[in-house]
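The values are calculated or read from the model by the stated rules, or taken from the named source; none is laboratory data. Everything quoted here is computed from the prediction, not taken from an experiment. Glycine gets a Cβ as well: all are built from the backbone with ideal geometry, and neighbour counts include every protein chain shown. Areas reflect the complete protein model, heavy atoms only, side chains present, ligands, DNA and RNA absent. Shrake-Rupley method; radii C 1.70, N 1.55, O 1.52, S 1.80 Å.
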Number of protein chains: 4
Amino acid sequence: MLNFRNDYSEGAHPTILEAMRQNNLTPVIGYGMDEYCAHAAAMIRERFGCPSADVHFLVGGTQTNLTMIASALRPYEAVICADTGHINVHETGAIESTGHKVLTVPKEDGKLTPADVLSVVRSHPDEHMVKPRMVYISQSTEVGTVYTRHELEALRAVCDRQNLLLYLDGARLASGMTAEDCDLIPADLHRLCDAFYIGGTKNGALFGEALVLVNDALKPDFRYMIKNRGAMLAKGWLLGMQFEGLFTGDLYFTLGRHANAMAARLRDGLIAKGYELAYPSTTNQVFAVLDKDQIFELTTEAAFEFTKNWDATHDVVRFVTSWATKAEDVDAMLALL
Amino acid sequence: MLNFRNDYSEGAHPTILEAMRQNNLTPVIGYGMDEYCAHAAAMIRERFGCPSADVHFLVGGTQTNLTMIASALRPYEAVICADTGHINVHETGAIESTGHKVLTVPKEDGKLTPADVLSVVRSHPDEHMVKPRMVYISQSTEVGTVYTRHELEALRAVCDRQNLLLYLDGARLASGMTAEDCDLIPADLHRLCDAFYIGGTKNGALFGEALVLVNDALKPDFRYMIKNRGAMLAKGWLLGMQFEGLFTGDLYFTLGRHANAMAARLRDGLIAKGYELAYPSTTNQVFAVLDKDQIFELTTEAAFEFTKNWDATHDVVRFVTSWATKAEDVDAMLALL
Amino acid sequence: MLNFRNDYSEGAHPTILEAMRQNNLTPVIGYGMDEYCAHAAAMIRERFGCPSADVHFLVGGTQTNLTMIASALRPYEAVICADTGHINVHETGAIESTGHKVLTVPKEDGKLTPADVLSVVRSHPDEHMVKPRMVYISQSTEVGTVYTRHELEALRAVCDRQNLLLYLDGARLASGMTAEDCDLIPADLHRLCDAFYIGGTKNGALFGEALVLVNDALKPDFRYMIKNRGAMLAKGWLLGMQFEGLFTGDLYFTLGRHANAMAARLRDGLIAKGYELAYPSTTNQVFAVLDKDQIFELTTEAAFEFTKNWDATHDVVRFVTSWATKAEDVDAMLALL
Amino acid sequence: MLNFRNDYSEGAHPTILEAMRQNNLTPVIGYGMDEYCAHAAAMIRERFGCPSADVHFLVGGTQTNLTMIASALRPYEAVICADTGHINVHETGAIESTGHKVLTVPKEDGKLTPADVLSVVRSHPDEHMVKPRMVYISQSTEVGTVYTRHELEALRAVCDRQNLLLYLDGARLASGMTAEDCDLIPADLHRLCDAFYIGGTKNGALFGEALVLVNDALKPDFRYMIKNRGAMLAKGWLLGMQFEGLFTGDLYFTLGRHANAMAARLRDGLIAKGYELAYPSTTNQVFAVLDKDQIFELTTEAAFEFTKNWDATHDVVRFVTSWATKAEDVDAMLALL
């Protein structure tokens, strides 16, 4: 069975698992107060050019988002995102369960613009409505697109003018930042975002997300928030150890580039075969328009996800590549199509 | 440095880590819908004699407690526990942050009695106060004691009469159930509790707790709750795989017995040397009354935790043994004392 | 200054205030356990034909909505409403602050259809998304329209098939149920809704909403919920006394009819003068399209609210009539236009 | 039936009700943006000597407490109070339902000391426990005692040193501040508290509490919080109008003095008759130790509340006086005893 279901179908990059194995029986202090976490945080601060940022390691993306947002917002404050945003659709109301409204703007390409943000702010003028206070974006987005430097700078500018925090969900940051149409560099993120997270789960770790708090106002007591949400891993060093591995020799972005290359190979093959793509993704998610009967037949030989209906006879399916995808699997997939 | 700080200082039992390594690059479906989880759940239902229970795997203890309690209670309902209870003291208000009051009874030995429960229920007679609806106990308790079958049956009886749910926190279930003064068997738990969890983090897993939902009323939509609290692990099979390992060949309770044996060796040594013990623990936590100066000196050679003040010149410290503790370490510790 | 700002600009209908004055110094038991509340509840059960319903009196509409919804839903469950719904726009995230997502459908006329409901349900198929569990509607709606019997029956049918609760916000129930195009009778509500509330604040009371719980599943412990949300009025009899007044001699619907008659007089006058109306309201809210300069001038002589922009030179303003509006004020308003 | 059940058994002081009657049909702007509220707030700032404080009017005490505490605390922060505190016992978990733990200290006299506060702070040293951030006290307390200036200054000092907010619940402020053993003056409160509220419900108003925010950090966006909790009264001027009445000619404290005088008359009579008092109350609550049989007989002629068991043959009952209590009723009560 060919696997293009998602980018979290395998375990960890072998070098990471090997580090865990080698240190398995050495006692380490718990809750992320260990030297692996300290070192991994230092590596991240160095790689992303933000020496004064706080770095916290959490287990998963929804957990990171809800802890971050619940920490940053007062009870009546809301977060703005594209209607495709992970926090809006795929977190089972986790953000609302922390008490905060998610304000959405319909976006075909998954990307918020300054005009979108302004429109939401202007339609919430007083205390009878929630107060927009944060903008949530994803890099890459849920439909595989990326923000460019110019676009992110423009969002930063509107956030500054409207007193909004800008938070970037980097569950697929490696793929997003290494996309061919992304001119952002890691050191741009701390300059343009109040906080962002570096996704490990979907890029070579067993699990783990590194949350980078840039804005000083977001830093105090964050470890209290982590524990308060049940998000503090007892054996926290497992997170530090994995991010140490990911930021050794730039493995993190190397894996992202590989996933993108595999997606490009698949995308090129699909186009060559005359298939239509549903979103202008340049990253590791490929959204193809396939005939419904063909989809039914393919499911016996390949794993992938249904995304949405396209027309009477076609649906959109998603093929996801990852650091573990092999070129021959892509070719085999193309051969099936 | 000798390590008696806690029972989550090492990684996983080697057989578990080896299973993870061997299956590392094989794609598996996410979110706990995989065969490892299904198999581990079946093993647990078999071992605990509850064929109709639902088993869910979560990453950590606080996360399991808050998800469980938030799922079981309506907004005005409260949970009763000993003042030593983990949910009362060491979860940074996680339960209250789900909206529920924790009602406590001062208990030197960490164990609730039916009289304690009744007293709380009777002092909350109407809608101007919270409605007690759940009893939370730990096995073993936070001070190392255990409930016997008779004690647990008595709690069950009062819960039945007062329409209370009984929930058992088994973060240290392996040690608790194999303690010499514990006459409970695994198959007692489903008979006496509405829900309980089997702790993996402190007994051989890298991380992971298996929540067993016995009462049918607690089962519906529990996966929604898990995701809603950010507690659904993307690579959920890592949890299933670990519990498969723990319940293969009764490894789980074997590891608990080992931890208890190491604690008994330490306890016996302490008593032989004339030390006083602060709590009647029979499990893997040993609470010793030490001279303050001595404590200060010991900290350069051994890791352990301060628990509380005892008198003007003495404090209570906690030594914790685990599946990974070696007899020679216990002997070395005793030699230092 | 002519007042068409809203329907809560005056105190209470004089007969109600007089009842409060006459009983002012007679001691009454608190928290709504008094005979006024009991009697008013009986009158409501009788008038609405639902002898087995529970009736609770609360102070305000947002309070009633948040208490009701927080009581009815489990943490991961969501409520569906039109994007114009009061709970979505004008409650400062009160529903989300109880932990629940509000799922919206864009509706120009403020009214949900079965197709809207189905569409939301179908796009939320599994535990990675919230679970739709309640449909929230308003009668009359926020844009002055009303549901007919046929429409409400159709919503009930889809709710039955999809296991959804149907909750009707009756902040403007008097106006809604007496609108010329509303063929519903009071006794229809308990048959078609799981719960509804009868608005007092906007129809003759100083304050107060009567929440009617029809579905038995919604009844247990509701007084706990009221207190838990800070919504239990110490001198609860003030609520009972007011609803006694409102349901004596059918004053409640008589006041609603008056408000509608005043609105119709205004609407007819506007149409006669050639003004366009922005929404097909048949109740006590009139939405007129006015020239922006004209609006600016009118604000010195009349109070009303800006609703939204219409085109480059026009805005929509809202004129609201009430039980206290006089025909001569309507005529004076028309004379100004 | 003689009424000593509580101090919220009657309506409003006649001058207040008369003001409501006279202005009943004059349109006023809603939500507390009116001139009555502005004037009442100015009167309060003047009377309490705090020209820069923000004053907000809410309907009830639990509502005021939960809105205030939810606004002031971050999710992991907790509030310290005596175990007798209203927020701990009699608010049905309202504070916990906003997400915050209530940390209690057992206090027979209902009053926290600096040592109590310090003890709680010291037992919560790190992020594995909640962070104490607010001290909640009541004046008068739930058992009728009062804080003196010296005591309140001492609490302020410990709050300053420990970075704690001091919040005073003044549900019975009129009685508390006019007690013979209370040397505080109104102008002391803003100097010693970060926030306090002036209770209207129990002292001459139909309903209403005036929350005074002294600390600048507590002021921003408080109206958002009020609406977010469903606590913004549509006809907000009803609150302003009532507090205008209460602070005209010092009616507020005059009523408190009357309630105290009636309680003293009752207390003196009880002592003269040889009854024991359970708490050293000097305010409008009298806690008498009565024979159980006598209590049973009295209930047919007088309304009062059971408080707690005293010994095998006696219980403690509470007699409450108010602004509306008549001397002849006190004498009649004494005659019954």
**Asked** Residues of the range B:94-146 being touching a His at 6+ places or on another chain (Cβ under 7 Å) and within 14 Å of chain A (Cβ to nearest Cβ), which ones?
**Response** B:96
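Could you list, in sequence order, the residues of the range C:38-55 that are within 27 Å of residue D:204 (Cβ to Cβ) and open to solvent by 10 Å² or more (accessible area, probe 1.4 Å)?
C:38, C:39
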**Request:** Could you figure out which of (1) free of Cβ contacts under 8 Å to residues at least 24 places away in the same chain; (2) more than 21 Å from the chain's Cα centre (by Cα) isn't true of residue C:223?
**Result:** (1)
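Yes/no matrix, rows are residues, columns are (1) more than 9 Å from chain D (Cβ to nearest Cβ); (2) among the aliphatic types (A, V, I, L, M); (3) within 19 Å of residue C:252 (Cα to Cα):
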position	(1), (2), (3)
C:33	yes, yes, no
C:37	yes, no, yes
C:40	yes, yes, yes
C:44	yes, yes, yes
C:49	yes, no, yes
C:54	yes, no, no
C:67	no, no, no
C:70	no, yes, no
C:74	yes, no, no
**Message:** Can you tell me how many residues within the range A:78-87 are open to solvent by 10 Å² or more (accessible area, probe 1.4 Å) and either within 14 Å of chain B (Cβ to nearest Cβ) or closer than 14 Å to residue A:166 by Cβ (or both)?
**Reply:** 1
**Asked** Here is a list of conditions, (1) β-branched (Val, Ile, Thr); (2) out of contact with any helix residue (DSSP H, G or I) (no Cβ under 8 Å at 6 or more places or on another chain); (3) within 14 Å of chain B (Cβ to nearest Cβ), and residue A:226 meets all of them except one; can you say which number that is?
**Response** (2)
**Message:** Going by what's in this entry, would residue C:217 be described as within 13 Å of another protein chain (Cβ to nearest Cβ), under 28 Å from residue C:160 (Cβ atoms) and open to solvent by 20 Å² or more (accessible area, probe 1.4 Å)?
**Reply:** yes
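Quick check on the range D:1-28: of everything there that is free of Cβ contacts under 8 Å to residues at least 12 places away in the same chain and open to solvent by 50 Å² or more (accessible area, probe 1.4 Å), which residue is farthest from the other protein chains (Cβ to nearest Cβ)?
Taking the range D:1-28 as the starting set, the residues that turn out to be free of Cβ contacts under 8 Å to residues at least 12 places away in the same chain are D:14, D:18, D:21-22, D:24-27.
Then keep just the ones that are open to solvent by 50 Å² or more (accessible area, probe 1.4 Å); that gives D:14, D:18, D:21-22, D:25-27.
Values: D:14: 7, D:18: 8, D:21: 6, D:22: 10, D:25: 5, D:26: 7, D:27: 4 Å.
Within the range D:1-28, the match that is farthest from the other protein chains (Cβ to nearest Cβ) is D:22.
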**Asked** Can you tell me which residues in the range B:305-336 are within 19 Å of residue B:203 (Cα to Cα), open to solvent by 20 Å² or more (accessible area, probe 1.4 Å) and part of a helix (DSSP H, G or I)?
**Response** B:327, B:329
**Message:** Condition check: in contact with a His (Cβ under 7 Å, 6 or more places away or on another chain), among the acidic types (Asp, Glu) and under 25 Å from residue C:230 (Cβ atoms). Does residue D:83 satisfy that?
**Reply:** no
**Fill in**
If you go through C:178, C:113, C:98, C:145, the only one that is within 22 Å of residue C:67 (Cα to Cα) and either out of contact with any Ser or Thr (no Cβ under 9 Å at 6 or more places or on another chain) or not assigned by TED's automatic domain parsing to the domain that holds residue C:284 (or both) is C:98
**Prompt:** Among the residues of the range B:288-304 satisfying the criterion of being touching a residue at least 24 places away in the same chain (Cβ under 8 Å) and not in a helix (DSSP H, G or I), which is surrounded by the most Cβ atoms within 10 Å (Cβ to Cβ)?
**Reply:** B:288
**Asked** Are any residues in the range B:235-269 farther than 24 Å from residue B:46 by Cα, in contact with a Leu (Cβ under 8 Å, 6 or more places away or on another chain) and open to solvent by less than 20 Å² (accessible area, probe 1.4 Å), and if so, which ones?
**Response** B:235, B:266, B:269
**Asked** Are any of the residues in the range A:133-141 in contact with a strand residue (DSSP E or B) (Cβ under 9 Å, 6 or more places away or on another chain) and open to solvent by 10 Å² or more (accessible area, probe 1.4 Å)?
**Response** yes
**Message:** If a residue must be under 21 Å from residue C:128 (Cα atoms) and surrounded by fewer than 17 Cβ atoms within 10 Å (Cβ to Cβ), how many such residues does the range A:271-287 contain?
**Reply:** 0
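Tell me, which helices (runs of 4 or more DSSP H) lie completely within the range C:42-110 with 1 or more residues that are touching a residue at least 40 places away in the same chain (Cβ under 8 Å) and on the phi < 0 side of the Ramachandran plot? Explain how you work it out, then say what you get.
Details: elements: C:61-72, C:86-89, C:94-97.
Per the criteria, C:61-72, C:86-89.
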**Selection from the range B:162-181 of residues that are open to solvent by 10 Å² or more (accessible area, probe 1.4 Å) and of a type in the set (Asp, Glu)** = B:180, B:181
**Asked** What are the residues in the range A:146-158 that are under 17 Å from the mean Cα position of the chain (by Cα) and either closer than 19 Å to residue A:6 by Cα or open to solvent by less than 20 Å² (accessible area, probe 1.4 Å) (or both), if any?
**Response** A:146, A:147, A:152
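Yes or no, residue by residue, for (1) more than 14 Å from chain C (Cβ to nearest Cβ); (2) crowded, with 24+ Cβ neighbours inside 10 Å; (3) in a loop (DSSP other than H, G, I, E, B):
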{"residue": "D:160", "(1), (2), (3)": "yes, no, no"}
{"residue": "D:183", "(1), (2), (3)": "yes, no, yes"}
{"residue": "D:187", "(1), (2), (3)": "yes, no, no"}
{"residue": "D:190", "(1), (2), (3)": "yes, no, no"}
{"residue": "D:196", "(1), (2), (3)": "yes, yes, no"}
{"residue": "D:204", "(1), (2), (3)": "no, yes, yes"}
**Message:** With open to solvent by less than 10 Å² (accessible area, probe 1.4 Å), over 27 Å from residue B:4 (Cα atoms) and of a type in the set (A, V, I, L, M) as the only criterion, which of B:225, B:232 stands out?
**Reply:** B:225
